[in-house]
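This report concerns only the one structure given below.
Every number in this text was worked out from the coordinates using simple rules, so none of it is lab data. Quick caveat: nothing in here was measured; it's all calculated off a predicted structure. Every residue, glycine as well, gets a Cβ built from its backbone with ideal geometry; the counts of neighbours run over all protein chains shown.
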Amino acid sequence: MRILRVSIRSAAAVCVLLAVIQCADKPVVNPQPPGISAAAVEINGWHQEYDPEIFVGDSLFELINGGAEVYHRFGFVQALATQYADDAGRSISLEVFEMKDVEGAGSIYSDKTGGSGQPLQIGDESAGEDYYLNFRSGRFLVTITGFDSEPETTEGILLLAHAVAAQLGGVS
Amino acid sequence: MKYGITRRRFITGSAAVGATVSVGGGLFGEFAADASAKETAAAGLAAVTSPDGFANTIAAVDAVGGMARFVSKGSSVVINANTAFKHRGSIVDPGMLLATLKLCADAGAREMWLIKGTKDNFWERCDRAADFPGLIDSVKVSEREMKVVEIAGGVALKQAHVDRRLLEADHYLDVTVAKHHKGCEFTGALKNTMGACPHDPTCRFFHVGNNPDSEDWYPDLNHLSQCVADLNLVRRPDLCILDAGEILTTNGPFGPGKLANPQAVVASADMVAIDAYGVRYLGLEPAAIPVIAMAEKHGLGTADLTKIGVREIALG
């Protein structure tokens, strides 16, 4: 399978271009749902360090290596990865995995959490660990990770998690 | 909400490593000047502990004979460093990799290649990186041009696609992190060699074997382990350096997962021995990791640590 790894901006530009070509002579009635790119939210006190990357097909191996085989078997569609930083130099990583259905997302979620972690009331199910959390919202699986364990980082993780969950809650 | 952990908790909760030799001082320059260390014969394997991954690396390589023993003046060096992921404990400490680059440069390496580049703000996480901007900039990253290699002694793997830089460089350094792996339980120097291969077809064959439809993460551990052992027949590293500073103990290889902080760096030219030693950081025994025995059977090294001379050093 051809490896495709593009930035959100590039992907969006291509989508817009295709939409214009396909709909040149008819009005757009139903705009596309926000999709996975909506997960790259803005949050107070943190800025995105670089454009979100989208991983489709075999490019998932660039993100998670051999584990990608299992994601594909459970219906992997695409993933988004980006990173946030605050003014003090703290960083948070955001990874969103879009699966074909809720069952696939649930299976990957269960494996990643191993049944441990603190429930956080984010999304449909969630688990917080020392420096990271996982949650599932529908067919989306989200992992947010800090690069340290400072309270400010943990606060940023939770802030980001709630914001992403709010965005993904509208995506079916 | 209990949702946080302090560095102190990481340290007190981490694995303890025996220290039989103490070396004073905290700056790498002092190690080089340590006459008593120079008078001691080179160890077959050295494990150095302190909170400083950079200093640990300098001391560990020094204890196994110094980088000049493994890298000749004017040579090209390829470094297969595990930098593929981003989560804590899943990649090598930048201080450790920086020390490795410095040692190679000091040994007179003409050029240094990384099999894979670093991600995101990798170097920003290392305070010392700012002191070596020229060194970091001088390192080249492989173009990932693969060559097909026949593996005559391979049991499960008869052919592999391998990065040509690994095949062509004068010297090869295997620089990795000790961590959990959902398939192998442990990943270290032996498993790290897969980083020199492309996902498709080589690594995919390792992972799925003859079970492409299995829902297990790694459906055939024996096959995966044998492939890893076979792959290492392609080229043995001149030196292995294993980061056991902050390591992933669950959800490996990419994480995130639970962490331990052994605060150690291990160096050895024997890739079997370094893995046989390194499994202790995850509370494992070498016999529990099939690839170690398979690699030993291939003659790639020894899992019998009594045969190679282990030196454990705690930096003061």
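Summary of values
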read-out: Principal axis dimensions, the stretch B:33-140 - Cα atoms, whole angstrom, descending; value: 42, 32, 24
read-out: The stretch B:102-187, relative contact order in percent, only Cα pairs under 8 angstrom and at least six apart counted; value: 22
read-out: Span from the the stretch B:143-198 Cα centroid across to the the stretch B:60-107 one, whole angstrom; value: 17
read-out: log₁₀ of I(q)/I(0) at q = 0.19, 0.25, 0.26 Å⁻¹ - the stretch B:245-316, Debye sum with one point per alpha carbon; value: -0.86, -1.19, -1.22
read-out: Zone of A:Asp51's modelled label, taken as backbone nitrogen in the stretch A:67-93 under 15 Å from a point 7 Å along Cα→Cβ; value: A:81-83
